[in-house]
Amino acid sequence: MRTLVQRTALGATGFGITSLAALSGALADTVVAGNGPAPEPENVTVTGRRPQLDKLPEKILDTPQSINVVPLKVIQEQGTASLQDALRNVPGITLNSGEGGAHGDTVNLRGFSASDDFFLDGLRDTGFYTRDSFDYDAVEVYKGPASTLFGRGSTGGVINQVSKLPTLYPIESGIFTVGTNEEYRGTTDVNYLLGDDSALRIDLMGMKSHIADRDDARVRRWGAAPSVAFGLDTPTTFTLAYFHEYEDNVPDFGVPFLFGEPAPVKRDAYYGLPADDRQKTNVNIVTGTVKHDFANGLTLSDKARWGNYYFDTRQTSPVYGDANCYAGSAPWAGAPVCTGAAGEVPVATFNPLFPVAGMPLGQIFVLRDRPSVSGTVKTLMNDADASMKFTTGVLAHTLIAGVELDHEEADLTRYTNQDTAILPTPLLDPDPDEAFPGHQTGIRQRPGTSADTTGLYAVDTIDWGTHWSLVAALRWDRFDADFSEPVTHAHFHHTDYFASPRTALVYKPDENSSIYLSWGTSFNPSAENLSLSARNADLAPEKDHTFELGGKTQLLDGMLSVTAALFDTVMENARIADPLNPGLQTLSGELRENGFEADVAGNLTDRWEIVAGYTYLDGRSLGVFGTGLKGPVPNTAHNQADLWTTYDFDGGFKTGLGVNYLGRRAAFKTADGEVAHVPSYVTFDAMASYPVTDNVSLQLNGYNLFDRKYFSNAYFSSVVENHVVPGAGRTFTLSAIVNL
């Protein structure tokens, strides 16, 4: 056992994980024999399980909301190393690529930004970092507005990470991976029984890798997640969990758009400066939970969290110059030559010509945009609730009421952009080793934002008879934000008060199926992402609502779950630029998503498992791309589908196949109607595993088997500033899975 943990330390390649491994090894010396190995990860039929959130007391089958669950079994079969990889199993999600210091996980969910809608075990996970999957028991995606459950945000839904926590059976396991992308990754999972009702669990991770065909980008991170629990399987339980993740990556901000589509450059074209570019984070989260079940059906629960998210990001991305003519002779036939007319911007050393129709690709140069920011996000949260079951006449109630208190603050340092100090580089042959003027040291801003949330909520699930139930919920929030910037002497303060109702009617034809109609709301204050400015400090929150009609059923004696839903989400007061004062924003935009989704998960036979989903989104916007301009919802595909299926042969040999399809999606629309698109793609993955011994299995995973050139994350601020990130080329990994 000591050897298993120490091997993870070696795989971490000296990231500092050695001390943690030694601690885990010392504990391992005292592990006593349990009742055999830990049970296999649960199967992929998820409607029978309950959501991890206390506020949703019913099984997923009976919860009137679209909920996707990526269980541990699928995460392990796919060799998943990050949250973004796990979310490939959830249709309706597309990936964004940030700028100006934004980094980490940024996604759209059902067409709406979910950058602040990440949760960890039911509490908001505010920081911006690349979330690793080493401590996941599951990933839950709750779709549709749900400010009643989560407070601010959640227009398209939220993503909840479910951690591995102590259990009353011993676990001694590890996964060690090597890959053709120069990947070396090790994880261990140890659960040590302290007594009849207490346990200690430690999860460790170390990883370094490159990205196939994007060799200048690099991933390096390590993490540790120890937790201890007392009173397991008793009326009173206490759990204390610590999560740490450190990363030191070389980021990839992809290639620019050109004439409405990704520039036709080689997949390995890299416009960053890897000698200096970095995305460093240091995440520390401590969560304590106490829960007591009374004999009369009353349950009290309190969860508190302290979080500290440090980051330092230095990044380079391609942008175009805004020159529109050449002062000298034309370098190619038809090139625009300056005539001396007003408004002409001649080409300069640090300002190349903006690409125009007919321009040879070899004549196009791009600038190096170098925004940098560092800082710390700190959080202090507490969520206390009471749950009670009682009856009033023929009605059976499950009432959950509680109070949420959050304090969040972000202290940042923004550095002077070096975009005018680095020579342009050819579009077709960018030089990642180009000289640059050193680290950004000039400080541009030191913004500090603090936000305090007080939320009061109540959710009543009312059952009458065996077929009907009604969910009625209401939450009231006070969201108080304060912003100060000492360099520019800016100061803004804003307080929002908001009530979020939610209701749903559920009909159960039988115990294995349900049909529901739900209505929910959410709100998005200006300081939702811990930032305020003169543009939006005086604005009320954006608000939206969703109607959803859905059904869920279990087939094949409960082995297979099938769900489907129709939904309509409308935000009628989206923040857009004020047409009368472009320096301000106004709540006069509109976003709307009509859609349909269907999911299948479970077993077709005892040996054949499947997880599959499809989402159709019909998005429309008004004012998002310009005053009065109608258009699509950015970075949202009409069609998206995924499939993961495995078959378990005799002798333990297992194979798996994965297919991911994402349709064409719009990135931007100009005032003259031109639309920039990210092309559609289909990728194929596969897996094969075989038990070498009773304790060791080998697993081979292949990703993007046909080496398809596709684009994943996208960002489009303007026709000058934009980029799209190519997906990894064909990659294979080989893992040794050890269970002692």
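Below is a table of values for the structure above.
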quantity: Output for segment 360-407, where each listed residue is assigned to a strand (DSSP E or B), within 30 Å of SER329 (Cα to Cα) and among the aliphatic types (A, V, I, L, M); calculated: VAL366, LEU367
quantity: Single condition GLY195 does not satisfy, out of (1) free of Cβ contacts under 8 Å to residues at least 12 places away in the same chain; (2) under 22 Å from the mean Cα position of the chain (by Cα); calculated: (2)
quantity: Subset of segment 668-696 (residues that are assigned to a loop (DSSP other than H, G, I, E, B), loosely packed, with under 15 Cβ neighbours inside 10 Å and in contact (Cβ under 8 Å) with a residue 40 or more places away in the chain); calculated: ALA671, GLU674, PRO679, ASN695
quantity: Scope segment 267-277; condition within 17 Å of PRO426 (Cβ to Cβ) and either in contact (Cβ under 8 Å) with a residue 60 or more places away in the chain or touching a Leu at 6+ places or on another chain (Cβ under 6 Å) (or both); matching residues; calculated: ARG267, ALA269, TYR270, TYR271, GLY272, LEU273
quantity: Tally, over segment 214-238, of residues that are more than 16 Å from VAL190 (Cα to Cα) and either crowded, with 20+ Cβ neighbours inside 10 Å or touching a strand residue (DSSP E or B) at 6+ places or on another chain (Cβ under 7 Å) (or both); calculated: 15
quantity: Residue under evaluation SER372, criteria (1) surrounded by fewer than 16 Cβ atoms within 10 Å (Cβ to Cβ); (2) within 28 Å of the chain's Cα centre (by Cα), criterion not met; calculated: (1)
quantity: Any strands (runs of 3 or more DSSP E) falling wholly within segment 592-667 and containing at least 2 residues that are modelled with pLDDT of 95 or more, polar (S, T, N, Q) and farther than 25 Å from THR521 by Cα; calculated: 639-648, 654-662
quantity: Output for segment 274-311, where each listed residue is closer than 25 Å to ARG218 by Cα, surrounded by fewer than 17 Cβ atoms within 10 Å (Cβ to Cβ) and hydrophobic (A, V, I, L, M, F, W, C); calculated: ALA275
quantity: Residue match in segment 383-391 (condition: out of contact with any Ser or Thr (no Cβ under 8 Å at 6 or more places or on another chain) and surrounded by fewer than 17 Cβ atoms within 10 Å (Cβ to Cβ)); calculated: yes
quantity: Any hit, segment 567-588, residues being surrounded by 15 or more Cβ atoms within 10 Å (Cβ to Cβ), within 14 Å of GLY92 (Cα to Cα) and of a type in the set (A, V, I, L, M, F, W, C); calculated: yes
quantity: Criterion violated by ILE202 - all others in (1) surrounded by fewer than 24 Cβ atoms within 10 Å (Cβ to Cβ); (2) at pLDDT 95 or above satisfied; calculated: (1)
quantity: In segment 205-235, residue nearest to ASP276 (Cα to Cα) [restricted to those that are more than 21 Å from the chain's Cα centre (by Cα) and assigned to a strand (DSSP E or B)]; calculated: ASP216
quantity: Residue, surrounded by the fewest Cβ atoms within 10 Å (Cβ to Cβ), within segment 320-367, restricted to residues that are farther than 23 Å from SER717 by Cα and in contact (Cβ under 8 Å) with a residue 60 or more places away in the chain; calculated: THR349
quantity: Residue match in segment 31-53 (condition: at pLDDT below 65, part of a loop (DSSP other than H, G, I, E, B) and in contact with a helix residue (DSSP H, G or I) (Cβ under 7 Å, 6 or more places away or on another chain)); calculated: yes
quantity: Strands (runs of 3 or more DSSP E) contained entirely in segment 440-486, each with at least 3 residues that are surrounded by 18 or more Cβ atoms within 10 Å (Cβ to Cβ); calculated: 448-464, 468-485
quantity: Condition met for ASP544 (assigned to a strand (DSSP E or B), surrounded by 18 or more Cβ atoms within 10 Å (Cβ to Cβ), out of contact with any Lys or Arg (no Cβ under 7 Å at 6 or more places or on another chain) and among the charged types (D, E, K, R)); calculated: yes
quantity: Pairs with Cβ under 6 Å, 6+ apart, first in segment 556-572 and touching a residue at least 12 places away in the same chain (Cβ under 8 Å), second small (Gly, Ala, Ser) and outside any loop (DSSP other than H, G, I, E, B); calculated: MET559/GLY602; LEU560/GLY602; SER561/ALA601; SER561/GLY602; ALA564/GLY551; ALA564/ALA598; ALA565/GLY550; PHE567/GLY595
quantity: Which listed residue is under 28 Å from PRO371 (Cβ atoms) and buried (at least 23 other Cβ atoms within 10 Å of the Cβ), from PHE150, PHE112; calculated: PHE112
quantity: Counted residues, segment 411-439 - those being part of a strand (DSSP E or B) and among the polar types (S, T, N, Q); calculated: 2
quantity: Qualifying residue in segment 72-90 (condition: crowded, with 17+ Cβ neighbours inside 10 Å and at pLDDT below 85); calculated: no
quantity: From GLU172, GLU183, GLU140, residue being touching a Leu at 6+ places or on another chain (Cβ under 6 Å) and either of a type in the set (S, T, N, Q) or in contact (Cβ under 8 Å) with a residue 40 or more places away in the chain (or both); calculated: GLU172
quantity: Residue list for segment 503-529, restricted to those being within 22 Å of PHE112 (Cβ to Cβ), in contact with a helix residue (DSSP H, G or I) (Cβ under 9 Å, 6 or more places away or on another chain) and modelled with pLDDT of 95 or more; calculated: TYR516
quantity: Only listed residue being more than 22 Å from LEU734 (Cα to Cα), in contact (Cβ under 8 Å) with a residue 24 or more places away in the chain and among the aliphatic types (A, V, I, L, M), chosen from LEU643, LEU657, LEU622; calculated: LEU622
quantity: Odd one out for TYR169, checked against (1) farther than 29 Å from ARG218 by Cβ; (2) surrounded by 22 or more Cβ atoms within 10 Å (Cβ to Cβ); calculated: (2)
quantity: Filtered residue count, segment 697-720, keeping only those that are assigned to a strand (DSSP E or B), of a type in the set (A, V, I, L, M, F, W, C) and in contact (Cβ under 8 Å) with a residue 60 or more places away in the chain; calculated: 3
quantity: Boolean, GLY127 is part of a strand (DSSP E or B), touching a residue at least 24 places away in the same chain (Cβ under 8 Å) and under 27 Å from TRP222 (Cβ atoms); calculated: no
quantity: Residue in segment 474-486 that is among the aliphatic types (A, V, I, L, M), over 29 Å from ARG446 (Cα atoms) and in contact (Cβ under 8 Å) with a residue 24 or more places away in the chain present; calculated: yes
quantity: Scan of segment 487-502 for residues that are within 30 Å of ASP62 (Cβ to Cβ) and surrounded by 17 or more Cβ atoms within 10 Å (Cβ to Cβ), ordered by number; calculated: PHE498, SER500, ARG502
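The values are calculated or read from the model by the stated rules, or taken from the named source; none is laboratory data. Predicted model only: the values in this text are computed from it and were never measured. All Cβ positions, even for glycine, are placed from backbone atoms using ideal geometry, and neighbour counts span all protein chains on display.
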